[in-house]
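Down below is the structure, laid out as structure tokens.
The values are calculated or read from the model by the stated rules, or taken from the named source; none is laboratory data. Predicted, not measured: the structure shown is a model, and the values here were computed from it. Cβ atoms come from the backbone with ideal geometry, glycine included; neighbour counts cover every protein chain shown. To get the accessible areas, we keep the full protein, side chains included, count just its heavy atoms, and leave off ligands, DNA and RNA. Shrake-Rupley method; radii C 1.70, N 1.55, O 1.52, S 1.80 Å.
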Amino acid sequence: MGEEVKLFRTWSSPFALRIVWALKIKGIEYETVFEDLSNKSPLLLQYNPVHKKVPILVHNGRPIAESLVILEYIDETWKQGPLLPKDPYERAMARFWAKFGDDKVLTSIWSVFIKQGKEQEEALVATMENLKFLEEEMKGKKFFGGERIGYVDLALGCLANLISIFEEIVGLKIVDEEKLPLFYSWMQNFAEAPIIRDNWPPRDKMIVKFQALLDAAIASSSSS
Amino acid sequence: MAGSEVKVLGTWASPFALRVHIALGIKSVKYEWVEENLEAKSQLLLESNPINKQVPVLIHHHKPICESLAILQYIDEAWPSAPSILPSDPHHRAVARFWAAYIDHKLFTWLKGVASAEGAEGKKVALDQVREGLVVVEAAFWKCSKGRDFFSGAGIGYLDIVLGCFLGWLYVAEKRNDVKLLDEEKMPGLAAWAIKFCQHGAVKDVMPDKDELLDYANMVFQAMPKLNGQCPS
């Protein structure tokens with residue numbers, strides 16, 4: 001059909017992973033362009049002049065940015081292996097949960113990782129509250145999408161890998177299997193699912209990268 | 001739809017609730033508006049949106065939908081007959097969603113920042129940021145509208161609603177700070193669009209009076225000077 005699909009990403013971006021998973025789940029052939037964010041390519045700057053970030057999907061020469069926007073575009077363009085449900089109410093709920101994930105869950109978990117002292121304690125409390133809502137949502141389901149991985153699973157999916165990396169680096173338990181049994185199971189099921197398990201970035205590289213980010217954050221907060 | 005009941009939980013000053021008003025108006029859907037008091041939230045609101053406890057909430061067939069952008073898309077999908085809110089082509093839909101995310105995450109954050117900025121220098125920086133954001137959106141307007149009246153073309157649609165709901169609060173920021181933000185010289189496209197948007201049939205009867213909004217804002221910001229000047233949403 002002469003489709004040209006390119007994905008601009010970095011090796012570690014959790015937002016780009018969402019797109020890798022979506023493309024592979026749907027069996028779409030694509031070319032990867034790895035970016036170095038300290039030396040952004042002219043193409044990246046041309047395709048996403050507003051944010052200058054990855055991921056960017058370029059389909060037949062037309063760029064789309066913002067990972068959740070890209071996910072919906074992929075779902076609307078390639079109909080096989082649907083990510084969003086058909087029913088308008090279920091679709092609205094999926095969009096709600098994805099936004100909750102980005103606005104609240106990822107934010108609070110990041111704060112648990114990057115902050116210290118009282119701020120970290122508060123972030124842990126907020127994280128627990130947020131994850132309890134997700135725990136409730138998981139009742140009777142294997143994935144947020146039901147029997148199959150869907151839009152919300154892809155939106156939250158990076159947590160299935162990142163949480164254990166953060167726990168290892170800061171030495172704190174974020175997801176206790178006893179307190180959040182369904183969410184914990186989801187993390188295992190998602191991380192080990194076909195396609196997902198083959199595309200995690202190398203764990204040792206992730207630990208080095210995030211340790212460095214934490215060290216830099218601690219250094220800059222203690223020197224201020 | 002026989003027997004279907006549509007309720008909107010909102011506040012008159014909330015730009016996000018205004019989005020829902022306008023979208024239902026475009027689709028000619030009859031609905032009951034429940035004016036919430038955010039100081040004393042109703043049981044219905046707390047049950048319908050237990051996670052964020054915010055307006056707007058759309059309740060359809062007794063099922064609540066939260067988050068204004070999710071509500072807009074729900075309205076388009078639950079009442080699929082014309083006129084459409086989102087474009088039909090996937091690439092144009094992606095462009096509309098991209099700019100909606102920019103308006104909500106960047107422009108609106110910067111607009112809130114004007115209210116919470118301290119000192120003359122702080123205010124100036126915050127106001128400049130809003131203007132820069134509007135310049136970026138001006139360019140998007142020309143690309144999306146292709147010379148027609150609205151982002152969506154001849155009629156109003158998703159992006160018009162997403163941005164247009166903030167026009168009252170932009171006016172508030174202009175008056176409270178004695179500046180021009182939506183500048184006819186720097187943003188001629190948006191300036192002309194704003195006038196047409198406010199006059200549109202689905203907008204003019206539901207948009208709050210901007211001077212009433214100004215009085216309200218003055219009252220709120222004077223009563224609680226340390227409040228992060230959030231638009232009630």
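Taking the condition over 29 Å from B:SER81 (Cβ atoms) and open to solvent by 30 Å² or more (accessible area, probe 1.4 Å), does B:TRP142 pass?
On the way: over 29 Å from B:SER81 (Cβ atoms): yes; open to solvent by 30 Å² or more (accessible area, probe 1.4 Å): yes.
In short, yes.
All but one of (1) more than 11 Å from chain B (Cβ to nearest Cβ); (2) free of Cβ contacts under 8 Å to residues at least 12 places away in the same chain; (3) among the hydrophobic types (A, V, I, L, M, F, W, C); (4) crowded, with 21+ Cβ neighbours inside 10 Å hold for A:LEU45; which doesn't?
(4)
Rundown of residues vs (1) surrounded by fewer than 19 Cβ atoms within 10 Å (Cβ to Cβ); (2) of a type in the set (S, T, N, Q); (3) under 19 Å from the mean Cα position of the chain (by Cα), yes/no style:
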| site | (1), (2), (3) |
| --- | --- |
| A:TRP97 | no, no, yes |
| A:ASP102 | yes, no, yes |
| A:TRP110 | yes, no, yes |
| A:GLY117 | yes, no, no |
| A:GLU121 | yes, no, no |
| A:VAL125 | yes, no, no |
| A:GLU129 | yes, no, no |
| A:PHE133 | yes, no, yes |
| A:MET138 | yes, no, yes |
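Return the only residue of A:ALA65, A:ALA92 being touching a strand residue (DSSP E or B) at 6+ places or on another chain (Cβ under 7 Å), within 14 Å of chain B (Cβ to nearest Cβ), hydrophobic (A, V, I, L, M, F, W, C) and closer than 23 Å to B:LEU58 by Cβ.
Unique residue meeting the criteria: A:ALA92.
Tell me, which residue of the stretch B:51-76 that is open to solvent by 50 Å² or more (accessible area, probe 1.4 Å) and free of Cβ contacts under 8 Å to residues at least 40 places away in the same chain is farthest from the other protein chains (Cβ to nearest Cβ)? It would help to see each step written out before you state the result.
First pass over the stretch B:51-76, keeping only residues open to solvent by 50 Å² or more (accessible area, probe 1.4 Å): B:53-54, B:61-63.
Those still in the list that are free of Cβ contacts under 8 Å to residues at least 40 places away in the same chain too: B:53, B:63.
Details: B:LYS53: 12, B:LYS63: 6 Å.
So, considering only residues that are open to solvent by 50 Å² or more (accessible area, probe 1.4 Å) and free of Cβ contacts under 8 Å to residues at least 40 places away in the same chain, the one farthest from the other protein chains (Cβ to nearest Cβ) is B:LYS53.
If you scan the stretch B:94-119, which residues turn out to be within 11 Å of another protein chain (Cβ to nearest Cβ), among the aromatic types (Phe, Trp, Tyr) and without any contact (Cβ under 8 Å) to a residue 60 or more places away in the chain?
B:PHE98, B:TYR102
Mind listing whichever residues of the stretch B:17-57 are part of a loop (DSSP other than H, G, I, E, B), of a type in the set (A, V, I, L, M, F, W, C) and under 22 Å from B:GLY168 (Cα atoms)?
Selection gives B:LEU38, B:VAL55.
What about A:LYS53, is it of a type in the set (Lys, Arg), more than 10 Å from every other protein chain (Cβ to nearest Cβ) and more than 22 Å from B:ARG93 (Cα to Cα)?
Values: of a type in the set (Lys, Arg): yes; more than 10 Å from every other protein chain (Cβ to nearest Cβ): yes; more than 22 Å from B:ARG93 (Cα to Cα): no.
In short, no.
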